[in-house]
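Below: one structure, written as structure tokens.
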Amino acid sequence: MPGPLTLLPRGALTLAKEVGRHILRRPVVGLCVVARRSNGDLLLIRRADTGTWALPGGTVEWGETLVSTAHRELDEEAGARVVSLGAVLGVFSRPDRDPRFHAVTTVVAAVVDDVARGPKNPLEIREARFFADDARPSALAMGCEDFLAAERAPRPIFE
């Protein structure tokens, strides 16, 4: 017999989790991916809430590993499939980085395939595109500039 929480609509459970995070006042665990195609082009997503570009990523869901979060977020936000996961580029914890909540975000590198499938939820993500480094948008949302800089750092950044 399924547990009582499985009887709730998925959206209700998601909303309850978000409210719980704010009530408990604990940082959330997040993952952000510096995802590139094999030719080096960078994958960015355009957020629906602000219209700004960002690296794909999100919060770790209950029962997930960081690896499964990377696969899920890239699929949901960009329709991209992970070819290979790379190194941890950094761990970022500055409380003011994300205006929505305090997040501790692990940033990893990945090689991904094309985004032919696109974002699964257009209310969250408007589009996903690859950019050459010299043609990408100049400003990225929510600290993603720091995350991208971690890719060029000589060792992982611990903030």
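Sequence-distant or interchain residues sharing an amide H contact under 5 Å with ILE157, placed H: which?
Distant-sequence amide H within range of ILE157: GLY90, VAL91.
Please work out which option in (1) 30, 17, 14; (2) 55, 18, 14; (3) 26, 19, 15 gives semi-axes √(5λ) of the Cα gyration tensor in Å calculated from these coordinates, and answer with its label.
Among (1) 30, 17, 14; (2) 55, 18, 14; (3) 26, 19, 15, the one calculated here is (3).
Relative contact order, percent, of segment 27-158 when contacts are C-alpha pairs under 8 Å separated by at least 6 residues?
Working: 298 pairs, mean separation 45.4, N = 132.
So the answer I get is 34 percent.
Taking the highest mean first, how do the peptides 102-111, 138-147 order by number of other beta carbon atoms within 10 angstrom per residue? If you can, show how the numbers build up before the last one.
Values: 102-111: 20.4, 138-147: 17.3.
Result, highest mean Cβ count within 10 Å first: 102-111, 138-147.
Can you show me the helix-derived [θ] at 222 nm for the chain, built from DSSP H runs with n ≥ 4 at -39,500 (n - 2.57) apiece and divided by the number of residues, rounded to the nearest 500.
Details: 3 runs with 35 residues, N = 159.
One gets -7000 deg cm²/dmol as the mean residue ellipticity at 222 nm.
If amide H atoms are built 1.01 Å from N in the plane of the peptide, which residues on other chains or at least 5 residues away come under 5 Å of the amide H of ASP41?
Amide H to amide H, under 5 Å and 5 or more residues apart or across chains, ASP41 pairs with nothing.
For segment 106-130 and segment 37-82, compute the distance between their C-alpha centroids and round to whole Å.
5
No value in this document is a laboratory result; all are computed from the given coordinates. Every value quoted in this text rests on a predicted model; they were computed, and no experiment measured them. Reconstructed Cβ throughout: ideal geometry from the backbone, glycine too, with neighbour counts over all protein chains shown.
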